[in-house]
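The values are calculated or read from the model by the stated rules, or taken from the named source; none is laboratory data. All values derive from a computational prediction rather than experimental measurement. So basically every Cβ, Gly included, is an ideal-geometry build from the backbone, and we count neighbours across all protein chains shown. Heads up: the accessible areas ignore ligands, DNA and RNA and are worked out on the full protein's heavy atoms, side chains in. Shrake-Rupley method; radii C 1.70, N 1.55, O 1.52, S 1.80 Å.
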Amino acid sequence: MIIEDIALAKNILMQGNLLAIPTETVYGLAANAFDVAAVAKIYQVKNRPHFNPLILHSNSLERFTHWGIHLPESALLLAKAFSPGPITFVVPKSDAIPDLVTAGQDTVAIRIPKHPQTLQLLASLDFPVAAPSANLSGTVSPTSAQDVEAQLGPQIAAVLNGGRCMVGLESTIITFAGGIPKLLRLGGLSIEKIEQVLNQTLDKTMLINNENPQAPGMLSRHYAPQTPLYLDAAENHLGEASYAEMVFIGFKQKHPKIIGSNQIILSESGDYAEAAQNLFAAIRKADTLGKKLIIAELLPEENLGLAINDRLKRAAVKAQI
Ligand code: AMP
Ligand code: MG
């Protein structure tokens, strides 16, 4: 059920039920973080492994402080610059936060999402919500209320409609657990912007990617469409499919051989933010065309191109060794 009413949304959460919420990154599947039975439903509905912790969402840093969560200086600097926004801080956990939220870790991930209805909803609650992306584990994250409804509708109380997500990629995650800030996940806020505010290069040794897997759930085809997606040249696949049986997802230019109606361009003007906003919808659309395979083009490795490429690599079929 897609709803517009924030008072109704609040009631759903207060009763311990699941509500999908709009954010600027992707739609989240929210539950009262202090209600362990409600949090357990998130793992169950998403079929999410229990070792994969959840991000806590609220509307201000003061609220998190009230729940015993404190940010170190460098995190405060970033929060001042970018929160509300697509950045998540991993910091020491407080006793108020159930172990189920943090998957037993002594750190907790917190974020203030930048979305008017959700900020209003969060401000009206006397608890934070735990909210991973509102999709089945391993599938493409939802960027509209309709995406959520199509996949999880019958299993959750409601989806609060907040339109299309403006950023379209999950948040950038920085951990402050070891003293110096370290990048854990590439996301909707570019590294360049973060480094500018910190006035230092970010430590990227903890980055979760295919070359350096830190968490089993982050390995291999995490954003997988049903149709096999490849990142190499279309020419390499002519043995499996003709050009008419291929879909192309490109950054700014069309593929010269694949037919026009099978082409999805992320941003004709070459704008990274626009490409990020369109990425997950493009993967979904490519999948629904029902062709034999999808060829996707990697973006330049800068700005949001890094995070977009990270998601494309996870969506792709891995080369067989
Ligand atoms: P999702 O909301 O589905 O995009 O996933 C949330 C991400 O946050 C996961 O990749 C987690 O590994 C990460 N995360 C949440 N809490 C922590 C934590 N305490 N330490 C490290 N990573 C975390
Ligand atoms: Mg997710």
Practice prompt. May I ask for the Kirkwood hydrodynamic radius of region 74-157, worked out over all distinct Cα pairs and given in angstroms to one decimal?
Written response: 14.9 Å
Worksheet entry | Size descriptor, Kirkwood hydrodynamic radius, that averages inverse alpha-carbon separations across the chain, Å | 20.1 Å
Discussion item. Sorting check: for 41-48, 287-294, which peptide has the highest mean count of neighbouring beta carbons within 10 Å, and how do the rest follow?
Written reply: 41-48, 287-294
Discussion item. Given contacts defined as C-alpha pairs under 8 Å and at least six residues apart, what's the relative contact order of region 27-160, whole-number percent?
Written reply: 37 percent
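Please tell me the relative contact order of region 2-102 in percent, rounded to the nearest whole number, where contacts are Cα pairs under 8 Å and at least six residues apart.
Computed over region 2-102, the figure is 26 percent.
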Practice prompt. Pick out the long, greasy-scoring helices in the chain: whole DSSP H runs spanning 20 Å or more along their own axis by Cα, mean Kyte-Doolittle at least -1.0.
Written response: 272-288
Worksheet entry | Convex hull per residue volume in Å³, alpha carbons only, for region 1-110 | 112 Å³
Item to complete: Using a 1.4 angstrom probe on heavy atoms only, work out the carbon and sulfur share of the accessible area of the chain in %.
Response: 53 percent
Worksheet item: Hey, in the GNM for the chain with a 10 angstrom Cα cutoff, which one of GLY178, GLY68, GLY153 fluctuates hardest?
Response: GLY178
Worksheet item: Looking at this model, which pairs from LYS41/LYS318; LYS204/LYS252; LYS80/LYS182 are more than 24 angstrom apart at the alpha-carbon?
Response: LYS41/LYS318; LYS204/LYS252
Worksheet item: Which of the peptides 19-29, 97-107, 52-62 is most tightly packed, and how do the rest follow, going by the mean number of other Cβ atoms within 10 Å of each residue?
Response: 19-29, 52-62, 97-107
Worksheet item: Where q = 0.13, 0.18, 0.20 Å⁻¹, what log10 of I(q)/I(0) comes from the Debye formula for region 243-321, counting one point per Cα?
Response: -0.36, -0.70, -0.86
Discussion item. Sequence gap at least 6, Cα distance under 8 Å: using those rules, report the relative contact order of the chain to the nearest whole percent.
Written reply: 19 percent
Worksheet item: Based on Cα positions only, what radius of gyration and what Dmax would you give for region 36-93, in angstroms?
Response: 13.6, 37
